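A.B. asks: The structure under discussion is supplied below as structure tokens; questions concerning it will follow.
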Amino acid sequence: MKKLIYPIIALFVIAADQLTKYFVRANMQPGDRIPVIGDWMSIYYVQNTGTAFSMFSGNRIVTVFLTSALIIFCIIFIVRELHEGYRLVPALFTLVAAGGVSNMIDRLSLGYVTDMISCGSFAVFNVADIGVTCGCVLTMIALLVLYRDEDKEA
């Protein structure tokens with residue numbers, strides 16, 4: 001029953017991401033911008049054919065390959081860590097995998113990823129990107145804390 005949380009986390013991230021993307025595509029045209037917090041934060045509809053920060057833009061084979069590799073790595077890691085009895089890091093990797101899956105849905109069905117959150121001069125991103133970024137950053141913090149505790153025991 002405890003392992004059910006991982007698919008629930010994944011489904012939540014994917015559903016939230018796909019719903020926000022659908023809303024943007026249904027109500028905006030690429031390039032449209034709706035201010036949310038002055039000039040600093042806005043809903044800005046962008047069709048991103050690349051990966052993070054538009055790297056490999058227009059190269060669908062590379063973006064699909066890189067995303068697939070990320071998803072497979074995360075799933076292998078999650079299964080391995082759950083087998084070892086760990087729960088926190090697999091939950092964080094679930095965020096990463098779910099974000100990758102949701103963006104892959106866009107890449108395969110539309111040929112681009114729908115991005116819509118713009119903050120200052122930072123790259124435009126989406127809910128899936130938030131899952132990937134938070135999962136990665138929190139995993140690094142968790143691993144630093146876990147290894148620090150192991151170093152104290154040694």
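A.B. asks: Have a look at Asp129, Asp115, Asp39 and tell me which one the Gaussian network model of the chain (Cα, springs below 10 Å) gives the largest fluctuation.
C.D. replies: Asp39
A.B. asks: Next question. So, counting K/R as plus one and D/E as minus one, what does the shell of residues with Cβ under 14 Å around Gln18 add up to?
C.D. replies: -1
A.B. asks: In deg cm²/dmol, rounded to 500, what helix-only [θ] at 222 nm does the chain give when every DSSP H run of at least 4 residues adds -39500 (n - 2.57) and the total is split over its residues?
C.D. replies: Value at 222 nm, helices only, nearest 500: -22000 deg cm²/dmol.
A.B. asks: So what's the angle, to the nearest 10 degrees on a 0 to 90 scale, between helix 60-83 and the longest Cα principal axis of the chain?
C.D. replies: With rounding to tens, the tilt is 30 degrees.
A.B. asks: Counting other Cβ atoms within 10 Å of each Cβ, which trypsin sites (Lys or Arg not before Pro) in region 1-108 have at most 16 and sit in a DSSP loop?
C.D. replies: Arg87
A.B. asks: Out of [x] 47, 42, 31; [y] 47, 39, 23; [z] 56, 33, 31, which label holds the value of Cα extents along the principal axes in Å that was computed here?
C.D. replies: Answer by label: [z].
Bear in mind that the values in this text are calculations on the coordinates, not laboratory data. Given the structure is predicted, the values throughout are model-derived calculations rather than measurements. All Cβ positions, even for glycine, are placed from backbone atoms using ideal geometry, and neighbour counts span all protein chains on display.
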